[in-house]
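Each remark here refers to the structure printed beneath this line.
The values are calculated or read from the model by the stated rules, or taken from the named source; none is laboratory data. None of these values were measured; they are calculated from a predicted model. Note that we place each Cβ from the backbone using ideal geometry, even for glycine, and neighbour counts take in every protein chain shown. In case anyone asks, the SASA skips ligands and DNA or RNA and just uses the protein heavy atoms, side chains included. Shrake-Rupley method; radii C 1.70, N 1.55, O 1.52, S 1.80 Å.
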Amino acid sequence: MPVLPGAEPYRHEGGEVGVLLCHGFTGSPQSLRPWAEYLAERGLTVSLPLLPGHGTRWQDMQVTGWQDWYAEVERELRTLLDRCERVFVFGLSMGGALALRLAAKHGDAISGLVLVNPGNKVHGLAAHALPVVRHLVPSTKGIASDIAKPGSEEIGYDRVPLHAAHSLRRFFQVVDGELPQVTQPLVVLHSPRDHVVPPADSARILSRVSSTDVEEILLEQSYHVATLDHDADRIFEESYAFIGRLAPSVGKEGTATGG
């Protein structure tokens, strides 16, 4: 299946500091593309992959699971680690959970994490019904485009494939158990008014990681897809400042190393 226009992966060859960006469940790189381009313009090496089963049609996602999504971001991480002196991992929603698992597994190889409305649990009674219901009903109403800003749209599926949702639930359980292994500097930005992932997920993550360098930022003007919302510029600026603090050469390189 052809990739939806705008949902393509994005890569930029820049300097010695790299950033891997992980998009969310049923979403696409489009939700993080402005963030990726902001970092690329400042001379960073950037990788924003398209997760398997995403960016085409929801039926393609039915045959994928968390192991496929995680394998894709881990491949991209290894490529960046070969190419760069320092690598940071950023993620939105499920992408935040992917980032956390990479951090738990790869330790000091990752210099820091920035998470936007990270997911930690599939909530509600429906979550407990997923193991059975997914065999009876193929999909349910989509979760894409939870954005406060008028005219801003996310490229994502209008249906949630339930086999994939079941896999997501299991993935969140795996990552939750690994959170104490996360020790890297961490910034969590989350929206009090998020109709997809409740603030409880960010609170749970912050309470279970072992990181000591931690910052929590509230995105008061945005809904779930905050990277395309009113607080987008703040996310971009805060994340770049975070990199600059941990990798001071970044600010000095500026755009000179950009391609």
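Find the residue count for segment 41-68, including only residues that are assigned to a helix (DSSP H, G or I) and open to solvent by 10 Å² or more (accessible area, probe 1.4 Å).
Here is the first cut: in segment 41-68, the residues assigned to a helix (DSSP H, G or I) are 41, 58-61, 66-68.
Then keep just the ones that are open to solvent by 10 Å² or more (accessible area, probe 1.4 Å); that gives 41, 58-60, 66-68.
Number satisfying all stated conditions: 7.
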Check: Would a scan of segment 11-24 turn up a residue that is at pLDDT 95 or above, surrounded by 19 or more Cβ atoms within 10 Å (Cβ to Cβ) and in a helix (DSSP H, G or I)?
Finding: no
Result of the Cβ filter at 9 Å on segment 45-57, keeping first residues that are free of Cβ contacts under 8 Å to residues at least 24 places away in the same chain and partners that are open to solvent by 10 Å² or more (accessible area, probe 1.4 Å) and outside any loop (DSSP other than H, G, I, E, B), at least 6 apart or interchain, is PRO52/ASP60; PRO52/ASP68; PRO52/ALA71; PRO52/GLU72
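Quick check on ALA126: is it at pLDDT 95 or above and at negative phi?
Taking the combined requirement at face value, the residue does not satisfy it.
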For segment 167-210 the number of residues that are farther than 23 Å from ILE147 by Cα and of a type in the set (Gly, Ala, Ser) is 4
Residues of segment 221-242 being within 24 Å of THR26 (Cα to Cα) and either surrounded by fewer than 21 Cβ atoms within 10 Å (Cβ to Cβ) or out of contact with any strand residue (DSSP E or B) (no Cβ under 8 Å at 6 or more places or on another chain) (or both), in sequence order, are GLN221, SER222, TYR223, HIS224, LEU228, ASP229, HIS230, ALA232, ASP233, PHE236
Given (1) under 18 Å from HIS128 (Cβ atoms); (2) open to solvent by less than 20 Å² (accessible area, probe 1.4 Å); (3) not β-branched (Val, Ile, Thr), LEU189 misses just (1)
Considering residues that are touching a His at 6+ places or on another chain (Cβ under 8 Å) and over 19 Å from HIS224 (Cβ atoms), the number found within segment 1-36 is 0
Query - Test: residue in segment 208-220 that is open to solvent by less than 60 Å² (accessible area, probe 1.4 Å), in contact (Cβ under 8 Å) with a residue 60 or more places away in the chain, of a type in the set (A, V, I, L, M) and part of a helix (DSSP H, G or I) - result: no
Per the filter on segment 21-78, residues within 22 Å of GLY107 (Cβ to Cβ) and charged (D, E, K, R) are GLU72, GLU74, ARG75, GLU76, ARG78
